[in-house]
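Peer 1: Have a look at this one.
The values are calculated or read from the model by the stated rules, or taken from the named source; none is laboratory data. These numbers were taken from a predicted model, which means no experiment stands behind them. We place every Cβ from the backbone using ideal geometry, glycine too, and count neighbours over all the protein chains shown. Each accessible area value is taken on the protein alone, full model and side chains, heavy atoms only, with ligands, DNA and RNA left out. Shrake-Rupley method; radii C 1.70, N 1.55, O 1.52, S 1.80 Å.
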Amino acid sequence: MDKDINIKVKVWRQNGPKDKGHFEVYPLENISQGSSFLEMLDILNENLINEGKEPVVFDHDCREGICGICSLYIDGHPHGPDEDITTCQLHMRTFDEGDTITVEPWRSTAFPVIKDLMVDRTAFDKIIQAGGYTSVNTGGTPDANAILIPHDQAELAMDAAACIGCGACVAACKNGSAMLFVSAKVSQLALLPQGKVEAAKRAKSMVAKMDELGFGNCTNTGACEVECPKNISISNIARLNREFLKAKFKD
Amino acid sequence: MSWLIKSSIGRKFVQSLSGLFLILFLLFHVCMNLVLIFNYETYNFLANEMLGANWWAIVGTIVIFFGFGVHIIYSIFLTLQNRKARGNIRYESSSKTPATWSSKNMFVLGLVIALFLVLHLYQMWYQMQFKELFMIEGARHDSAQLVEEVFSNIWVVILYVVAFIALWFHLTHGFWSALHTVGWNNDIWMKRIKMIGNVLSAFICIGFIAVAVLMHLGYSNLLA
């Protein structure tokens, strides 16, 4: 049964991108284990506002694991210690009475801290802008059976497309590499006939943008795959390597 | 071709190819070492006639040195870039993401192997090939006997065994990781490649350790 627990949260506070930042510990009483992690942070912020202090800044939006905006590195794991969920789906029943929960922002050079726990993830948008799309002249909608796609290919593409671009892979990676994200975005299109047309250009320009933005070199530790809330497989990374090398050898 | 330096996948490509090449070299090396257990004469023949100061052995040595050089220089650059990409502030709660120990310590393991290599090259290669090539006195043609002398010291054997264990950890991650980087991987082959890598690294490292230990204990030159 869910109980009410007393906990401490150790939160990273940083006033702005240039500020040095530090940790602060806040005790919280009678937090229902049935509440979500973000609701717990809401309670913390309400307390802080009532005390006339500045609330903790953190990213959140849909709160149902779809939008990919929530981040937070909780007790040594991106999106917290639970499996295959985003931070907004994490519940307080994962924690016990008397726990001190450490909450940090994503740490990566390519994701600078904006304030407190909020980081700037526009680097991902820039990678998508570099080639994560198909150039289509829109016309009439073709029949669904006009382009045949094998079922397993469609499934693999769909699995890759499950990536919500939250950045947990970069946060988990000791190299600050964005390969899991980029490989998912390249794979979801490379696996389908519509995406094959521009596959070579896409792989090259997205990888070039990724390097330019200061993400690290993948060393296949597999940490990204473990922490990914959407279970994106690192076999996508092998596919990206393949696509990229194929494109380079064609030049 | 500048993408082999400028692009992250290009750099990783060079690192994997040089790594795979070095694995081939190790396979050859361990097979040759195993001869020591059976017959010194054959080993000396291989070391002097097949290798020694012949032009093909010199070319081979240069290629192998080049392979090591590329692998080491790239590893330094990759590690420095990765540390920079990670940023200056470490996680307070430290990473609790489960990942294999060797995959997270490839550079340190490589450093151990590189340090061992300096000792190893001085004890063996410098005495056998280098001295002969540059006409330095004391070049050894009784290679097997030289190896026996070196391995008669228990501390040398211990150092070698430590290095081979580090090599084992390095290879278990390195082999599948290299094939992953050249793009040969998917959900089906992942398990097979990891298995092949484990068997390969076990063969290489057990082979090296066996030769060092057996020679120290005197179980060598058995078919003499």
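Peer 1: Within the stretch A:170-177, does at least one residue satisfy the condition of being of a type in the set (A, V, I, L, M, F, W, C), more than 11 Å from chain B (Cβ to nearest Cβ) and either closer than 27 Å to residue B:84 by Cβ or part of a helix (DSSP H, G or I) (or both)? Let's see the steps before the verdict.
Peer 2: Our first condition is that a residue be of a type in the set (A, V, I, L, M, F, W, C); within the stretch A:170-177, this holds for A:170-173.
So of that shortlist, the ones also more than 11 Å from chain B (Cβ to nearest Cβ) come out as none.
No: the stretch A:170-177 contains no residue that is of a type in the set (A, V, I, L, M, F, W, C), more than 11 Å from chain B (Cβ to nearest Cβ) and either closer than 27 Å to residue B:84 by Cβ or part of a helix (DSSP H, G or I) (or both).
Residue-by-condition table, conditions (1) under 30 Å from residue B:219 (Cβ atoms); (2) buried (at least 16 other Cβ atoms within 10 Å of the Cβ); (3) touching a helix residue (DSSP H, G or I) at 6+ places or on another chain (Cβ under 8 Å); (4) within 14 Å of another protein chain (Cβ to nearest Cβ):
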| residue | (1), (2), (3), (4) |
| --- | --- |
| B:37 | yes, yes, yes, no |
| B:65 | no, no, no, no |
| B:75 | no, yes, yes, yes |
| B:80 | no, no, no, yes |
| B:95 | no, yes, yes, yes |
| B:101 | no, no, yes, yes |
| B:107 | no, yes, yes, yes |
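Peer 1: Let me ask another. Find the residue count for the stretch A:7-31, including only residues that are open to solvent by less than 50 Å² (accessible area, probe 1.4 Å), more than 18 Å from residue B:94 (Cβ to Cβ) and touching a residue at least 60 places away in the same chain (Cβ under 8 Å).
Peer 2: 5
Peer 1: Check the stretch A:225-234 and report whether any residue there is within 12 Å of chain B (Cβ to nearest Cβ), outside any loop (DSSP other than H, G, I, E, B), out of contact with any strand residue (DSSP E or B) (no Cβ under 8 Å at 6 or more places or on another chain) and farther than 25 Å from residue B:6 by Cα.
Peer 2: The answer is yes, given that some residue of the stretch A:225-234 is within 12 Å of chain B (Cβ to nearest Cβ), outside any loop (DSSP other than H, G, I, E, B), out of contact with any strand residue (DSSP E or B) (no Cβ under 8 Å at 6 or more places or on another chain) and farther than 25 Å from residue B:6 by Cα.
Peer 1: Taking into account only those residues within the stretch A:59-84 that are of a type in the set (A, V, I, L, M, F, W, C) and open to solvent by less than 10 Å² (accessible area, probe 1.4 Å), which is nearest to residue A:161 (Cα to Cα)?
Peer 2: Going residue by residue through the stretch A:59-84, those that are of a type in the set (A, V, I, L, M, F, W, C) are A:62, A:66-67, A:69-70, A:72, A:74.
If we keep only those that are open to solvent by less than 10 Å² (accessible area, probe 1.4 Å) as well, we get A:70, A:72, A:74.
Values: A:70: 18, A:72: 22, A:74: 26 Å.
Among those residues, the one meeting the criterion is A:70.
Peer 1: Report yes if some residue within the stretch A:89-101 is part of a loop (DSSP other than H, G, I, E, B), within 14 Å of chain B (Cβ to nearest Cβ), within 14 Å of the chain's Cα centre (by Cα) and buried (at least 20 other Cβ atoms within 10 Å of the Cβ); otherwise report no.
Peer 2: From the stretch A:89-101, those part of a loop (DSSP other than H, G, I, E, B) are A:90, A:95-99; that's our starting set.
Within this subset, residues satisfying the condition of being within 14 Å of chain B (Cβ to nearest Cβ) are A:95, A:99.
Going one step further and asking which of them are within 14 Å of the chain's Cα centre (by Cα), we end up with none.
Checked against the condition, which is being part of a loop (DSSP other than H, G, I, E, B), within 14 Å of chain B (Cβ to nearest Cβ), within 14 Å of the chain's Cα centre (by Cα) and buried (at least 20 other Cβ atoms within 10 Å of the Cβ), the stretch A:89-101 yields no hits at all.
Peer 1: Yes or no: residue B:204 within 14 Å of chain A (Cβ to nearest Cβ), surrounded by 16 or more Cβ atoms within 10 Å (Cβ to Cβ) and within 22 Å of residue B:101 (Cα to Cα)? Spell out the reasoning first.
Peer 2: Details: within 14 Å of chain A (Cβ to nearest Cβ): no; surrounded by 16 or more Cβ atoms within 10 Å (Cβ to Cβ): yes; within 22 Å of residue B:101 (Cα to Cα): yes.
Here the answer is no, as residue B:204 does not meet what is asked.
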